[in-house]
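> Sharing a structure below in structure tokens format, with a few things to ask.
FYI, it's all coordinate maths here, none of it is from the lab. Values in this document were obtained by computation on a predicted structure and should not be read as measured data. Here the Cβ positions follow ideal geometry from the backbone for every residue, glycine too, while neighbour counts run over all protein chains shown.
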């Protein structure tokens with residue numbers, strides 16, 4: 001792991017994401033380390049659903065955030081979504097769906113505030129049908145997609161440019177907690193079209 005090349009990092013930082021993930025205490029949540037980044041940083045994945053209901057007939061939704069390290073809005077949106085799902089405000093959804101959420105796919109890029117991963121690969125374009133991903137991070141997400149065969153994959157993004165556009169596109173994470181998370185995602189989309197980057201299926205049935 002090479003920390004000497006760290007230039008700058010925007011909130012929510014990788015450390016804040018990890019603290020957030022570890023701090024979630026809910027019967028709806030299970031957390032595991034999916035793997036490690038190009039430079040060896042842990043990439044957590046969160047499973048959110050109602051454990052009292054069998055997963056057998058549930059729809060699976062795979063959500064990845066922080067694919068581009070310089071787009072902190074994606075990480076913020078992912079964290080807000082997790083908070084909403086575990087709040088108990090939408091229990092019926094958790095009975096019908098299982099969420100597989102990567103809150104920070106690209107920790108090395110987050111630390112650098114860089115678009116690509118530490119190996120200079122654009123993870124977003126690393127999912128090509130008929131070809132295994134090249135990046136360490138892409139391989140991890142791909143493996144989970146193949147394992148769970150989600151009905152829907154969502155990749156959360158922000159406006160390119162990160163720090164230069166933050167005040168124009170999305171409230172930063174530390175100011176997010178005062179709002180109603182059930183509407184946060186839609187507020188972000190209305191403020192910055194494209195925050196919910198393309199919908200993409202990264203695994204075939």
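> Going by average Cβ neighbours within 10 Å, how do the peptides 42-50, 86-94 rank, with the highest at the top?
Those peptides, ordered most packed to least, come out 42-50, 86-94.
> At 0.36 nm per residue, and after removing the present C-alpha to C-alpha distance, how many nm does the segment from residue 42 to residue 122 gain when stretched out fully?
Residue separation times 0.36 nm, minus the Cα-Cα distance, leaves 26.9 nm.
> What is the list of residues in region 22-63 whose amide nitrogen lies under 16 Å from a point 7 angstrom out from the Cα of residue 92, following Cα to Cβ?
Residues passing the 16 Å test: 50, 59.
> Just to verify a number: FRET efficiency for residue 11 and residue 55, C-beta to C-beta distance, R0 = 35 Å, to 0.05?
0.55
> How large is Rg over Rh for region 37-136, taking Rg from the Cα atoms and Rh as the Kirkwood inverse mean of 1/r across Cα pairs?
With Rg and the Kirkwood Rh in hand, the quotient comes to 1.04.
> Name all residues of region 36-78 having a backbone nitrogen under 11 Å from the label point set 7 Å from the Cα of residue 147 along its Cα→Cβ direction, giving them as ranges.
Zone members listed by number: 45-47.
> Could you calculate the FRET efficiency of residue 139 with residue 19 from 1/(1 + (r/R0)^6), where r is the beta carbon distance between them and R0 is 22 Å, rounded to 0.05?
It comes out at approximately 0.30.
> Could you put 13, 67 in order, starting from the residue whose Cβ has the fewest other Cβ atoms within 10 Å?
13, 67
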